[in-house]
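Undergrad: The structure that follows is given in the form of structure tokens.
The values are calculated or read from the model by the stated rules, or taken from the named source; none is laboratory data. These figures come from a predicted structure and were not determined experimentally. Don't worry about glycine lacking a Cβ; one is built from the backbone with ideal geometry, like all the others, and counts go over all protein chains shown. Heavy atoms of the whole protein, side chains included, go into the accessibility calculation; ligands, DNA and RNA do not. Shrake-Rupley method; radii C 1.70, N 1.55, O 1.52, S 1.80 Å.
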Amino acid sequence: MTQQAPARGGRDTYLQGAFTLAAAAMFSRILGAVYRIPLGRVMGDYGMGLFGAGYTIYMPILGISTAGINVAISKVMAEKIARSDERGAYRAFRISLALLAVVGLVSAVVLGLGAHAIADRVMRNPDAYYAILALAPAIFLVAIEGSLRGYFQGYQRMTPPAISQVIEQFFRMASLLILAYALLPRGNAIAAGGAAFGATVGAVFGSLYLVIPYYLSRRDIAQRVAAAPPPAPDAESTRSIVRRIVLLAVPISIAAVVVPLFGVADLIVVPLRLQSIGFSVKDSTRLFGQLSQMAMVLINLPAVVTYGLQTSLVPAISEAQALGDRAGIRSKTSSGLRATFLIGLPAMVGLWLLATPICELLYRHGEAGVPLAALSGAVLFLMVQQTTSGVLQGLGRTDLPVRNLIIGALVKGVLAWVLTGIPELNIRGAAYSTTAGFLVASVLNLYEVHRHVGFKVDLPATVLKPLGASAAMGLVLFFGFPRLLLPLGNDVATLALVAGGGLVYAATLLLLGGIRERDFAFLPVIGARLARLFKDLGLVRE
């Protein structure tokens, strides 16, 4: 039995692929949030601390060793496929697979052999050893999985990577809960190690899902490669491909480390500055928890949409660039930014106006709404930064987003020190500094996109109409919540206004002519049907 290798572009349009990845990422994040509740009840705070300690070491190593290579694979493959160089694309994949396997294996061995030293000397807690050791095999498996995801992304087929992400998270969650419960009688350290091993189990199943269709398509791949013209004398050498992949991947890997630096800056600066203006150690820690573990979590949720856009943009822009299709690059950039503002603006307004009710609903800590409201602007700027990063990465300028992100992190660090130390602002100052950091990074990215693509933002379609619809939604939220709070209570009133506000936003956007027929391409399966329906009603234009 064989399957056809993915055809160029496949069934997934660029926007549908982005939606598919975003949906998978959202579902995975929900699973990732849900499992912490039963896991915490099983292991307690000390066991959770050991579990978290392992991930504190694992995530930076994983990011440095693998984060950028799958993006590089998708770009290099998309370029070669666009030029009908099937042989070169498959060869680039095999080379990158070997490269990732070596890097992943070396990283896994180093982490495994160094687990004792890290637990004893860095964590200063020997009990963390098992959690660190259990995560080592996952690095190798995630590296293999990442190369296979890059393969499908190179063909602009986002569904297999998206499904593998959900499968990985599901088996990770199920196995870590089972292992933690089964091993708890042997002590918290062993139980934390068992829970951490869930990452390895999840990576096994996520990789298997990708390996099976790839393996089944091997005959078709061989036929297409055999039918391709023989390699030209000046065909790209193995050394050149490796060099290109590394040069593309390294800045992305650095960016994977830079983003957590926003949190590290807060960890170092915020409690210190709060204490300097009179807050106790306990109160400063409490406020920092509201910022980092409550507000920032909600800020990152809408950004799963632009995670999908960023991932889909890389091969789509790479293909257009390889074909010399400047109009195609501009069109994809325009649609990506429109989608970003269509979702980012109402998300920003909603989190600003319903910050306290949402935090009361989710955390039973309404006071966390103070930093959330101050952070609401960061939603839009983070989303713009991610989308424009995808454009620049697709153009091969992976260095520019990380440079701009570093500049944003520096601005954030300075402002966090200054603003958090102002008594009237306190924790809001730290939130404003994060917003400013993402603002700087996004503006610099937009400038570079304009410089390299010649793209100008269509203000009415991209910004003004979504902004007008968001303002209408905001009026409903602002005047509606006080009137619904007493008869319905906080939770029901908040949920009702989230749903009602979304309907008002969509209806206003349609009335303003802010939705075009082609915008429905963002929705797989139902997009074409909705486009026909609204077109027949005269609510959308081509």
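Every residue, every condition in (1) open to solvent by less than 10 Å² (accessible area, probe 1.4 Å); (2) closer than 22 Å to Met473 by Cβ, yes or no:
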{"site": "Lys332", "(1), (2)": "no, no"}
{"site": "Gly350", "(1), (2)": "no, yes"}
{"site": "Ala355", "(1), (2)": "yes, yes"}
{"site": "Cys359", "(1), (2)": "yes, yes"}
{"site": "His365", "(1), (2)": "no, no"}
{"site": "Ala368", "(1), (2)": "yes, no"}
{"site": "Ala373", "(1), (2)": "no, yes"}
{"site": "Phe381", "(1), (2)": "no, yes"}
{"site": "Gly394", "(1), (2)": "yes, no"}
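Undergrad: A further question on this structure: Given the structure, is Glu424 over 25 Å from Ala368 (Cβ atoms) and of a type outside the set (Phe, Trp, Tyr)?
TA: no
Undergrad: Restricting the first residue to region 317-329 and requiring it to be more than 19 Å from Ile73 (Cα to Cα), which pairs with a second residue that is part of a helix (DSSP H, G or I) meet a Cβ separation below 7 Å and a spacing of at least six or different chains?
TA: Every condition considered, the pairs that remain are Gly328/Ala320; Ile329/Ile317; Ile329/Ala320; Ile329/Gln321; Ile329/Val453.
Undergrad: Within region 320-330, can you find the residues that are open to solvent by 30 Å² or more (accessible area, probe 1.4 Å) and part of a helix (DSSP H, G or I)?
TA: Result: Gln321, Arg326, Ala327, Arg330.
Undergrad: Something else: Please go through region 112-133 and give me each residue that is buried (at least 24 other Cβ atoms within 10 Å of the Cβ) and either of a type in the set (Phe, Trp, Tyr) or closer than 28 Å to Ile73 by Cβ (or both), ordered by number.
TA: Correct list: Tyr130 only.
Undergrad: Quick one: Ala265 ticks every box in (1) assigned to a helix (DSSP H, G or I); (2) at pLDDT 85 or above; (3) among the small types (Gly, Ala, Ser) bar one, so which box is it?
TA: Failed condition: (2).
Undergrad: A further question on this structure: Could you please let me know if Gly104 is modelled with pLDDT of 80 or more, in contact with a Leu (Cβ under 8 Å, 6 or more places away or on another chain) and open to solvent by less than 30 Å² (accessible area, probe 1.4 Å)?
TA: When the stated conditions are applied, Gly104 passes them.
Undergrad: Moving on to the next point. Out of everything in region 49-68 that is among the β-branched types (Val, Ile, Thr) and farther than 22 Å from Ser96 by Cβ, what residue ends up being surrounded by the fewest Cβ atoms within 10 Å (Cβ to Cβ)?
TA: Ranking the candidates gives Thr56 first.
Undergrad: Now for a different question. Is there any pair with a first residue in region 503-514 that is more than 11 Å from Ser470 (Cα to Cα) and open to solvent by less than 50 Å² (accessible area, probe 1.4 Å) and a second that is assigned to a helix (DSSP H, G or I) and not hydroxyl-bearing (Ser, Thr, Tyr) whose Cβ atoms are under 8 Å apart and which are 6 or more apart or on different chains, and what are they?
TA: Filtered contacts from region 503-514: Leu510/Phe534; Gly513/Lys465; Gly514/Leu342; Gly514/Ala461; Gly514/Lys465; Gly514/Pro466; Gly514/Gly468; Gly514/Ala469.
Undergrad: Still on this structure: What is the residue count in region 147-200 for residues that are of a type in the set (Val, Ile, Thr) and in contact with a Lys or Arg (Cβ under 6 Å, 6 or more places away or on another chain)?
TA: Residues flagged as of a type in the set (Val, Ile, Thr) and in contact with a Lys or Arg (Cβ under 6 Å, 6 or more places away or on another chain) within region 147-200 amount to 0.
Undergrad: Also: Tell me, which residue of region 417-462 that is in contact with a helix residue (DSSP H, G or I) (Cβ under 8 Å, 6 or more places away or on another chain), charged (D, E, K, R) and farther than 24 Å from Glu367 by Cβ is surrounded by the most Cβ atoms within 10 Å (Cβ to Cβ)?
TA: Glu448
Undergrad: Something else now. List, please: which pairs have Cβ atoms under 8 Å, are six or more places apart or on different chains, and start with a residue in region 462-486 that is under 15 Å from Ala499 (Cβ atoms) and among the β-branched types (Val, Ile, Thr) and end with one that is open to solvent by less than 30 Å² (accessible area, probe 1.4 Å) and in a helix (DSSP H, G or I)?
TA: Partner pairs satisfying both residue conditions: Val476/Leu497; Val476/Gly500; Val476/Gly501.
Undergrad: Take the residues in region 272-293 that are in a helix (DSSP H, G or I), surrounded by fewer than 19 Cβ atoms within 10 Å (Cβ to Cβ) and aliphatic (A, V, I, L, M); name whichever of them is farthest from the chain's Cα centre (by Cα).
TA: Ranking the qualifying residues of region 272-293, first place goes to Val281.
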